[in-house]
Each structure stands twice: as C-alpha cells, then as structure tokens.
Amino acid sequence: MLTVRAPATSANLGSGFDVFGVALERPADVVRLEKADRVTIDVTGAGSQYIPEDPDKNTVGAVADALDAPARIQIDKGVRPASGLGSSAASAAAAAVGLNELYDRGYTREELVPIAAKGEAVVSGDAHDDNVAPSIMGGFTIATDKGVTQVDADIPLVACLPDIVVSTRDARNVVPETARVDQMVETVGNAAALTTGMHRDDPELVGQGMHDTVVTPARAKLIDGYEQVREAALSAGATGVTISGAGPTVIAACAEEDRRKIASTMLDAFGERGVDARVYQTRIGGGAEVF
Ligand SMILES: Nc1ncnc2c1ncn2[C@@H]1O[C@H](COP(=O)(O)OP(=O)(O)O)[C@@H](O)[C@H]1O
Ligand SMILES: N[C@@H](CCOP(=O)(O)O)C(=O)O
C-alpha cells in the first residue's frame, strides 16, 4: 500500500493559457494505492458525490491503463471538482506518481506528465499538461509540446472558490478562436514578466504578468461577481488577479503581509453578490509526495 499527496494547482495564470501552472501548498488530494487484478476506485471527500468511480470515467482509470498498472485506488478529495484548481489533475498526478513507484516502471517525474494528462483528456476532451505538470513536479511549470520547464518559485497566493460550478469543458468552449496582433504582443510581454517574476520570487512582477485580454474576459462572464472580486482584491493590495484554470476560482498574487486582508476582501465581494465562497490562503508549493 502506498499513499500519495498531490497538490491542487492553478493553470494559465492569465498570460500563460494552456502553458503555465503552479502547485499550491494547499489544498491537495490524498490517494492510496495497492496492487490488484483490476482497477477499482473509491472516492471520498470534497465533491465526491459528483465524481464517477467507473475507471473509464475517472482520471485515475486512464492513468492506470496507460501504465498497465491495475490497482485498488482510494481517493480522498481535498480539491472540489470543477473548481479551476486542477481537481481532476491532482488525482491523475497522484495515480501516475504512485503507480509508477508501486509497479517500479522507472519513469522520471517529467515523463509522467503526459501519462497523467491522459486522465485530463477523459474529462475535458483535451490532454492539456498545465495542471498535471505542477502537481507532479511542484513549483512553477511551463508545459509545451517540447516538455516541461520547472522553477521552484515562492509566491504568496489567495485562491477564492465560489459556490459556482464551471466545467473545464464548458469554459474551453468560450475561448476565442483568434487574437489580434496587439493582444499577442501584450501577452508575450506579460508572460515574460511573469516568468522573470517567478525566477526572482517577485510578487509585483508575477502579478503584472497575470494580466490577459484574450481568454480571461470571455471566461469571466461565466463567474458571477468576477469583476467585483478582482477589483476588491486589487484594492486590498493584490499585485495581480485572474481566473484560476478554467474557473470559477479567482486567484490573486500578493505580498505575504497583504494575504489575510485580500482573502477576507474577496470573500466579502462574492458575499455582496449573494455568492457563497471559500478561500485558501496559500503559496506556490512542492509536487506530489509519496508516503
Ligand atoms: N479523480 C477525479 N477527481 C475530480 N474530478 C474527476 C475525477 N475523475 C473524473 N472527474 C470529473 O472531472 C470533472 C472535473 O474536472 P475539471 O472540470 O477539470 O475540474 P477542475 O477544474 O477542478 O480540474 C468532473 O466532471 C468530475 O466528475
Ligand atoms: N488550461 C486549462 C486549464 C484547466 O484547469 P482546471 O483547473 O480548470 O481544470 C484551461 O484553461 O482550460
């Protein structure tokens, strides 16, 4: 029996759509695995009533298949599904890391990323790597078809999860098909600033780089109160605010001393719209851990 803790993640960070991701110190999924003749899955914890235990429909089933590693898999969800916090990816990442070890498959962490991404294809129709990469490798990750670049960054974050469900599949359907050249120029500048900020552990530069005028405005319409929460977080000192993953979580970068105030301000702003929410005061953390 093996236990793996795999962190929630925040993908995109505004300017890095389908490329950037960070591991969050909290929350996380805890997955227990033991060898078996066939794959069975039990799910408990946050939002477990919405998560299929059928191996063909759960992200961990696709990972077990890809590694040819049948197991009894118990998932304790710390990350609610359809949150924008890489819920489905955290389970897939834990399964990939755990089954690789249980069956002694010998893959490196980077090689496990596309294997875990097969789980994401099951739920969103697309094998994007930007959530599984940080959940497996930790820190800030840049995932492209050439592989993953990883940086151990340390930036305080606030992730505010409203009681709204946005499925990644639906949020992908509203992404514009084209962008103007001036938007492309702005995005390159922001993505470069954010990457430099991660190398320097600089919340100002990271926050500046989270600005995006292409994908975020289209998706903001799916999140009741997004603009008000964003404004509130910025006025409480956030250095940048954007949608986490496909939403509905709203994520803010900040200096350590402003984090608590930003967290309560974001909760209040959703509350004023009549939307219940919960907030995680967190930071960029490490990747999946095996116990
Ligand atoms: N192990 C899993 N953990 C969470 N969700 C899962 C899992 N396996 C399948 N799903 C399904 O994936 C969908 C949520 O995935 P997604 O929309 O990507 O959420 P998130 O934004 O939190 O990653 C839900 O329909 C859920 O039932
Ligand atoms: N790049 C993807 C990321 C989805 O993240 P999730 O946490 O919402 O699953 C996208 O933006 O569609």
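Condition check: part of a loop (DSSP other than H, G, I, E, B) and away from ligand 1 (no atom under 11 Å from the Cβ). Does D68 satisfy that?
Against the criterion (part of a loop (DSSP other than H, G, I, E, B) and away from ligand 1 (no atom under 11 Å from the Cβ)), D68 qualifies.
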Exercise. With the checklist (1) in a helix (DSSP H, G or I); (2) more than 7 Å from ligand 1 (Cβ to nearest atom); (3) under 20 Å from the mean Cα position of the chain (by Cα) in hand, flag the one item V60 doesn't pass.
Key: (2)
Quiz item: Scanning region 85-103 for residues that are hydroxyl-bearing (S, T, Y) and surrounded by 24 or more Cβ atoms within 10 Å (Cβ to Cβ), which turns out nearest to D126 (Cα to Cα)?
Solution: S88
Quiz prompt | Condition met for S83 (hydroxyl-bearing (S, T, Y) and modelled with pLDDT under 95) | solution = yes
Practice problem: Go through (1) surrounded by fewer than 24 Cβ atoms within 10 Å (Cβ to Cβ); (2) more than 30 Å from A252 (Cβ to Cβ); (3) in contact with a helix residue (DSSP H, G or I) (Cβ under 8 Å, 6 or more places away or on another chain) and name the single condition P81 misses. | Solution: (2)
Practice problem: Tell me which of these A69 doesn't satisfy, since it passes every other one: (1) surrounded by 24 or more Cβ atoms within 10 Å (Cβ to Cβ); (2) closer than 15 Å to R38 by Cβ; (3) of a type in the set (A, V, I, L, M, F, W, C). | Solution: (1)
Quiz item: For residues in region 2-43 being within 17 Å of A253 (Cβ to Cβ) and among the polar types (S, T, N, Q), which is surrounded by the most Cβ atoms within 10 Å (Cβ to Cβ)?
Solution: T9
Self-check item: Number of positions in region 238-281 that are in a strand (DSSP E or B) and either buried (at least 24 other Cβ atoms within 10 Å of the Cβ) or aromatic (F, W, Y) (or both)
Solution: 9
Exercise. Only residues that are among the charged types (D, E, K, R) and modelled with pLDDT of 95 or more: list them for region 92-129, please.
Key: E101, D104, R105, R109, E110, E111
Self-check item: V22, sole failed condition from (1) within 27 Å of V215 (Cβ to Cβ); (2) more than 11 Å from ligand 1 (Cβ to nearest atom); (3) in contact with a Lys or Arg (Cβ under 8 Å, 6 or more places away or on another chain)
Solution: (3)
Quiz item: Of the residues A143, A153, A171, which is at pLDDT 95 or above, surrounded by 15 or more Cβ atoms within 10 Å (Cβ to Cβ) and within 15 Å of ligand 2 (Cβ to nearest atom)?
Solution: A143
Quiz item: What residue, of S15, S10, S83, is outside any loop (DSSP other than H, G, I, E, B) and polar (S, T, N, Q)?
Solution: S10
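The values are calculated or read from the model by the stated rules, or taken from the named source; none is laboratory data. What you see is a predicted model; the values in this text were computed from it and never measured. When we count neighbours, we look across all protein chains shown, and the Cβ atoms used for this are built from the backbone with ideal geometry, even at glycine.
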